Amino acid sequence: EAGVAQSPRYKIIEKRQSVAFWCNPISGHATLYWYQQILGQGPKLLIQFQNNGVVDDSQLPKDRFSAERLKGVDSTLKIQPAKLEDSAVYLCASSLAGQGLQTQYFGPGTRLLVL
Amino acid sequence: DQQVKQNSPSLSVQEGRISILNCDYTNSMFDYFLWYKKYPAEGPTFLISISSIKDKNEDGRFTVFLNKSAKHLSLHIVPSQPGDSAVYFCAARNSNSGYALNFGKGTSLLVTP
């Protein structure tokens, strides 16, 4: 079974530029999560999708971050404009469903450096 | 506010000995706890979990203990192997308010031969 795929693996941009990350979850997984992991910290949830609907985006900085999952499969996370403090690893995870005790499976992450 | 705390940033253990990783939480509504293991340049990998209705869960060399009254859980690895060297994250969630995981900062485990 293929795991969660993410691209790109690394990205370097200058502040005020925009950037987009892509995630392809495990086939059949209805729930998709985007986490931000700053160096030395644990992952922090940014947004959770159930199919193509948003379940939780309370910690998403909506003035600069946006995410979509148009067909309930792939997802993109965008930052526009980027700030220095956005430098982090952006992790995508998926699970079979949001309910119950379903395990979240993580992708390798996209490491973003904002200069 | 950090609701899940791992107060030991690092731990070094000799091969064959027991590794004990600790985690404390502040939210009494958390009802499900997980441990994830992370190698460099990879995403976290699920290791073991425990529901709040239990106080122990065992899977091979890995055992998780939960003390609800103390809001404390620990992961025991016996015997420790060099391949266990990784960063271990404790995570918790409140199943009644979504399924997002709250992570600790992680403990870096080094198992020396």
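Every number in this text was worked out from the coordinates using simple rules, so none of it is lab data. Because the structure is a prediction, the values reported are computed rather than measured. Backbone-built Cβ (ideal geometry, glycine too); neighbour counts: all protein chains shown.
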* Has the range A:75-85 got at least one residue that is β-branched (Val, Ile, Thr), crowded, with 17+ Cβ neighbours inside 10 Å and in contact (Cβ under 8 Å) with a residue 60 or more places away in the chain? -> yes
* Could you grab me the full set of residues in the range A:26-52 that are farther than 13 Å from residue A:93 by Cβ, over 14 Å from the mean Cα position of the chain (by Cα) and in contact (Cβ under 8 Å) with a residue 40 or more places away in the chain? => A:28, A:39
* **Test result for residue A:55, farther than 27 Å from residue B:51 by Cβ and either in a loop (DSSP other than H, G, I, E, B) or touching a residue at least 12 places away in the same chain (Cβ under 8 Å) (or both)** => no
* Which residues, taken from the range B:30-78, are away from chain A (no Cβ under 12 Å), under 23 Å from residue A:4 (Cβ atoms) and loosely packed, with under 15 Cβ neighbours inside 10 Å? -> B:59
* **Matching strands (runs of 3 or more DSSP E) fully within the range B:1-80 where at least 1 residues are of a type in the set (Lys, Arg)** => B:32-38, B:56-59
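Here's the yes/no breakdown for (1) part of a helix (DSSP H, G or I); (2) out of contact with any helix residue (DSSP H, G or I) (no Cβ under 6 Å at 6 or more places or on another chain); (3) within 22 Å of residue B:47 (Cα to Cα); (4) more than 14 Å from chain B (Cβ to nearest Cβ):
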residue	(1), (2), (3), (4)
A:17	no, yes, no, yes
A:20	no, yes, no, yes
A:29	no, yes, yes, no
A:49	no, yes, no, no
A:85	yes, yes, no, yes
A:97	no, yes, yes, no
A:103	no, yes, yes, no
* **Residues (away from chain B (no Cβ under 14 Å), part of a loop (DSSP other than H, G, I, E, B) and in contact (Cβ under 8 Å) with a residue 12 or more places away in the chain) located in the range A:58-73** => A:64, A:69, A:70, A:71, A:72, A:73
